[in-house]
Amino acid sequence: MAQGPTLYRDYDRAGLDAQYNNRALVPDFAQYFERWKTSSAAARAGIKGAVLDVAYGPSGPEKLDIFPAPPNGRRKPSILAFFHGGYWRALDKSDFSYPAQAYVDAGITYVSINYGLTPAVTLDELIRQARAAVEWLYHNATAHGGDVNQLYVSGHSAGGHLAPLVMTTDWAARGLPQDVVKGAVAISGLYDLEPIRLSYLNEGMNLDEPCVRRNSPVHHIPPVSRKCGRLVLCVGSDESAEFRRQQAEYAAAWRKSQAAPLIVDAPGRNHFSVVDAFATPEHALFRATRALALGGQAGG
């Protein structure tokens, strides 16, 4: 409960900041970062045919890494793009090569996408880049053996914000098939940016109310008349109440006009260990992502 003036729901500023300060909530967070970096370097060196630092746009950060799966008979592999987390201000695509091997082994081409970070770019520009990456994949992934008609997006934290926002883009207005993105996996996503605007995280992001409105996935769920791709949602049981609330409210809003999302439980997982579940073949999150990307039904 708030000790000072109530700022958002039942939180004062200190309480709201605490809900979104994942590094404080997981004191050994640096160990995750180091392991991701080491494992990702091994993946980039060890996966046959990996194509790194491919430019999808004109600015320096607009690059992606492609880890192609071999064709299975006449079937080209599906494509799973991943947007990294870091609160739109930290980390890099190269930190998230490590899930690639599990997906390549499953017959899925894995793509790790970079984008410019705040405050060097605005959130609007960052999102423009995320959409540009998907456009590039649609036009170019065939050259890397992927099936552009089976393109899926995924992401964690800030990337969990980007993945559903990208999927629900009005792609027809951009000259692409409306269903260019066939499904999305959002892990520990941020679906309503209003608490971000009111918290310490807005320092350097400079969000205002119109920016929150146009860039919050919860405000851009397509109507019943425009069916969207399938959605998988996951948040760790050990994450903050706000992260769990964000997912629950987004799922409820999604069900009003779209096929019910598949909610994957992640017991005992915190904000960082939940990403490892995405890369672990034995975990329900990996299995749900694999089923989605291979054309299975990932909703319920």
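The values are calculated or read from the model by the stated rules, or taken from the named source; none is laboratory data. All values reported here derive from a predicted model rather than from experimental measurement. Cβ sites come from the backbone with ideal geometry, for glycine too, and all protein chains shown count toward neighbours.
Assess whether residue 295 counts as being buried (at least 16 other Cβ atoms within 10 Å of the Cβ) and out of contact with any Phe, Trp or Tyr (no Cβ under 6 Å at 6 or more places or on another chain). If you could, list the steps in order and put the result at the bottom.
Details: buried (at least 16 other Cβ atoms within 10 Å of the Cβ): no; out of contact with any Phe, Trp or Tyr (no Cβ under 6 Å at 6 or more places or on another chain): yes.
In short, no.
Please pick out the residue among 147, 192 that is touching an Asp or Glu at 6+ places or on another chain (Cβ under 8 Å), modelled with pLDDT of 95 or more, part of a loop (DSSP other than H, G, I, E, B) and among the charged types (D, E, K, R). Break it down stepwise before answering.
Values: 147 fails: touching an Asp or Glu at 6+ places or on another chain (Cβ under 8 Å).
Going through 147, 192 in turn, the sole match is 192.
Residues are listed down the side, and each one gets a yes or a no for (1) surrounded by fewer than 17 Cβ atoms within 10 Å (Cβ to Cβ); (2) aromatic (Phe, Trp, Tyr); (3) in contact with an Asp or Glu (Cβ under 8 Å, 6 or more places away or on another chain):
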site	(1), (2), (3)
198	no, no, no
207	no, no, no
210	yes, no, no
226	yes, no, no
229	no, no, yes
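When the residues of region 95-108 are narrowed to those that are crowded, with 20+ Cβ neighbours inside 10 Å and touching a strand residue (DSSP E or B) at 6+ places or on another chain (Cβ under 7 Å), which ends up farthest from residue 68 (Cα to Cα)?
Applying the filter and picking the extreme gives 96.
Where residues in region 239-275 are charged (D, E, K, R) and in contact with a helix residue (DSSP H, G or I) (Cβ under 8 Å, 6 or more places away or on another chain), which of them is surrounded by the most Cβ atoms within 10 Å (Cβ to Cβ)?
Our first condition is that a residue be charged (D, E, K, R); within region 239-275, this holds for 239, 242, 244-245, 249, 255-256, 265, 269.
Within this subset, residues satisfying the condition of being in contact with a helix residue (DSSP H, G or I) (Cβ under 8 Å, 6 or more places away or on another chain) are 239, 242, 249, 265, 269.
On the way: 239: 24, 242: 20, 249: 13, 265: 11, 269: 22.
Among those that are charged (D, E, K, R) and in contact with a helix residue (DSSP H, G or I) (Cβ under 8 Å, 6 or more places away or on another chain), it is 239.
Looking at 147, 124, which one is in contact (Cβ under 8 Å) with a residue 40 or more places away in the chain, charged (D, E, K, R) and either under 21 Å from residue 51 (Cβ atoms) or surrounded by 21 or more Cβ atoms within 10 Å (Cβ to Cβ) (or both)?
Values: 124 fails: either under 21 Å from residue 51 (Cβ atoms) or surrounded by 21 or more Cβ atoms within 10 Å (Cβ to Cβ) (or both).
Step by step, each of 147, 124 is checked, and only 147 is in contact (Cβ under 8 Å) with a residue 40 or more places away in the chain, charged (D, E, K, R) and either under 21 Å from residue 51 (Cβ atoms) or surrounded by 21 or more Cβ atoms within 10 Å (Cβ to Cβ) (or both).
Could you grab me the full set of residues in region 1-56 that are of a type in the set (Phe, Trp, Tyr) and over 27 Å from residue 130 (Cβ atoms)? Step through it out loud before you land on a result.
Step one: filter region 1-56 for residues of a type in the set (Phe, Trp, Tyr), giving 8, 11, 20, 29, 32-33, 36, 56.
11 - this is the single residue of region 1-56 that is of a type in the set (Phe, Trp, Tyr) and over 27 Å from residue 130 (Cβ atoms).
Which residue out of 191, 152 is within 30 Å of residue 6 (Cβ to Cβ), among the aromatic types (Phe, Trp, Tyr) and crowded, with 22+ Cβ neighbours inside 10 Å?
Details: 152 fails: within 30 Å of residue 6 (Cβ to Cβ).
The unique qualifying residue is 191.
For residue 30, which of the numbered conditions (1) surrounded by fewer than 17 Cβ atoms within 10 Å (Cβ to Cβ); (2) touching a helix residue (DSSP H, G or I) at 6+ places or on another chain (Cβ under 7 Å); (3) modelled with pLDDT of 95 or more fails to hold?
(2)
Restricted to region 1-27, and to residues that are over 23 Å from residue 85 (Cβ atoms), touching a helix residue (DSSP H, G or I) at 6+ places or on another chain (Cβ under 9 Å) and of a type in the set (A, V, I, L, M, F, W, C), which residue is surrounded by the most Cβ atoms within 10 Å (Cβ to Cβ)?
Per the stated criteria, the residue is 7.
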